[in-house]
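Everything on this sheet refers to the single structure shown next.
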Number of protein chains: 2
Amino acid sequence: MRNIKLVLAYDGTGYAGWQRQSGQPSIQQTLEEAIVRLTQGPVLLHGAGRTDAGVHAEGMVANFQTEASIPLLGLVKGLNSMLPEAIRVLSAEKVANDFHARYNATGKVYTYTFMATEIMPPCLRLYAAQVRDPFACDAVRLCLPMLVGTHDFSSFEAVGSRDLSRAGCRGAVRTIFAASLAEQEEAMPVCRLIISGDGFLRHMVRNIVGTLFAVGRGRLTPLDFQEIVAARDRSLAGPTAPAKGLTLKRVLY
Amino acid sequence: MRNIKLVLAYDGTGYAGWQRQSGQPSIQQTLEEAIVRLTQGPVLLHGAGRTDAGVHAEGMVANFQTEASIPLLGLVKGLNSMLPEAIRVLSAEKVANDFHARYNATGKVYTYTFMATEIMPPCLRLYAAQVRDPFACDAVRLCLPMLVGTHDFSSFEAVGSRDLSRAGCRGAVRTIFAASLAEQEEAMPVCRLIISGDGFLRHMVRNIVGTLFAVGRGRLTPLDFQEIVAARDRSLAGPTAPAKGLTLKRVLY
């Protein structure tokens, strides 16, 4: 029995999210079906976490146990030949039997992509959120250091967020390693927030981004943002930013 | 009666190309229907050229005559509210009555985006072509100066390419202003060919790119490429590169 670690990329546009759901195609289910077809055995795929409907990934990690003797490169090529082009297996690796994609993860890196524009470029519409112009990136940058470090992120927690079996013991306390905002100037400025931490509550990145949008548009000041972080009260923060701007870049082990 | 010049962007993925076709949605038809709804009058939209199915645009130009007195900004906002998000009107401008988007165009700028990779990133799969790694960009760069200037581009012409009513008089002779290849290094190198000229035959950019791909993969040398340009024989050039990598960036007037 081998324990296989997969690194995955996907376009979340057409899917109900990572997790298997009844009635809607999920990334997990689509992958499991391809693995079953290739390995000719039952499979349970453990993802490093859930991504919501419409959220993308460039470095999701998942693992599964298999009796099949297919070489690792054959596994990558075989799965990619069966999967829709919206889902790609980037690599497959044999790992220790006790490796678990979720329990062993020590952190995650997300990006959130958005554009301050009146008119969204069609070819970015599924991969970036739109914010109204003018947008003060400098004010947003002032907020980012307030996120770094170990905090109770209740203000940015979605209802029903906690995974009680594992994360319940630490409540809404998470450690953010780094947060930065890059502007990529081409014809139009595409802004990318990069945020890494030891874990994220459900909707936490999108709720942080929604609140940062309010700062960028002048509806909240960086001081308001600091107070919202400290308040541990979800009702004070901004709305949840759209899923399509969010990408899981990497899972840390 | 006003003559209105529109600048347009679109994601060509779901469309049969610019030109109105029976049975398949086209960009032209989708725009004409929105204009008719907004202006409450018949409309004939003249595009600066045709783009094939799956080809994108960031700066297509089209014009139409209208009796409607809607302000230009209202036209932009009204059309964008009716159009699918895959098609955006970037601007509307009142122009001289004799302005014609196609006849007055003095040139066009295209980009062709591709990646040398074994596994295509899902979120780029509709907007870039895949070439096998290794790919020699330097060899491609040696070819580009051979394209610049006034040449007979028969080697890169699709069958049935000529618009006899206008361009027939100059045959397959076109002038390329500039051609360059940029590598955008992020996690994976995305390559972008930029090519501008006074006009392009049908499939000309994609046929040039398909031949450059053969050079990049070592199947043809830059010297072979030079001979193909000189030969004026379509049968010598490479296959037509996929539509999805091509974007009409600008129309010059």
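The values are calculated or read from the model by the stated rules, or taken from the named source; none is laboratory data. Since we're looking at a predicted model, the values are computed, not measured. Note that each Cβ is placed from the backbone with ideal geometry, even for glycine, and that neighbours are counted across all protein chains shown. SASA here: full protein model, heavy atoms, side chains in, ligands and nucleic acids out. Shrake-Rupley method; radii C 1.70, N 1.55, O 1.52, S 1.80 Å.
For chain B, the antiparallel share of DSSP beta bridges with both residues in that region comes to about 90%. For the protein assembly as shown, what does the alpha-carbon gyration tensor say about shape, rounded, prolate or oblate, given a ≥ b ≥ c as the root eigenvalues, a/c under 1.5 as rounded, and a/b over b/c as prolate? Since a/c reaches 1.5 but b/c is at least a/b, the shape of the protein assembly as shown is classed as oblate.
Counting, for every residue in B:57-67, the Cβ atoms of other protein chains within 10 Å of its Cβ and taking the mean gives 1.
The relative contact order of chain A, computed from alpha carbon pairs under 8 Å that lie at least 6 residues apart in sequence, is 24 percent.
Protection proxy ranking for A:197-206, B:190-199, B:56-65, A:92-101, using the average of other Cβ atoms within 10 Å per residue and placing the highest first: B:56-65, A:197-206, B:190-199, A:92-101. For segment B:6-23, the Karplus equation 6.51 cos²θ - 1.76 cosθ + 1.60, evaluated at θ = phi - 60°, returns couplings of 9, 9, 10, 10, 8, 8, x, 3, x, 10, 7, x, 5, 6, 3, 9, 7, x Hz by residue, with Gly and Pro reported as x. Summarised in one figure, the compactness ratio Rg/Rh of chain A, Cα atoms and Kirkwood Rh, is 1.00. Each label point was placed 7 Å from the Cα along the Cα-to-Cβ direction; for A:ARG170 and B:ALA230 their separation is 6.8 nm. Going from the isolated chain to the complete set of protein chains, segment B:77-115 loses at least 20 Å² of heavy-atom accessible area (1.4 Å probe) at B:GLU85, B:ALA86, B:ARG88, B:LEU90. How many square angstrom of accessible surface are buried between B and A, both sides summed, with a 1.4 Å probe and rounding to 100? The B and A chains share an interface burying roughly 1600 Å². For segment A:107-252, the solvent-accessible area works out to 44 Å² per residue, with a probe of 1.4 Å and every protein chain left in place. Label points for B:SER69 are taken 7 Å from Cα along Cα→Cβ. From this copy to the others they lie 8.4 nm apart, shortest first. Using a 7 Å projection from Cα along Cα-to-Cβ, the label point at A:SER22 is separated from the same position in the remaining copies by 4.7 nm, smallest value first. Cross-link pairs exceeding 23 Å in C-alpha to C-alpha distance, out of B:LYS94/B:LYS244; A:LYS5/A:LYS249; A:LYS244/B:LYS108; A:LYS77/A:LYS244; A:LYS244/B:LYS249, comprise B:LYS94/B:LYS244; A:LYS244/B:LYS108; A:LYS77/A:LYS244; A:LYS244/B:LYS249. Each 10 Å bin, from zero up to the one with the longest distance, holds this percent of the alpha carbon pairs of segment B:40-129: 13, 38, 30, 14, 5, 0. Taking only protein heavy atoms and a 1.4 Å probe, the accessible area of segment A:2-95 is 51% carbon and sulfur. Copy-to-copy label distances for A:ALA182, where each label lies 7 Å from Cα along Cα-to-Cβ, are 1.6 nm in order of increasing length.
Shown for segment A:107-252: the carbon plus sulfur share of the solvent-accessible area, taken with all protein chains present and a 1.4 angstrom probe, equals 55%. Over the Cα atoms of segment A:15-57, the radius of gyration divided by the Kirkwood radius equals 0.98; this is the Rg/Rh ratio.
Estimated purely from DSSP H runs of n ≥ 4, each contributing -39500 (n - 2.57), the mean residue ellipticity at 222 nm for chain A is -7000 deg cm²/dmol once divided by its residues.
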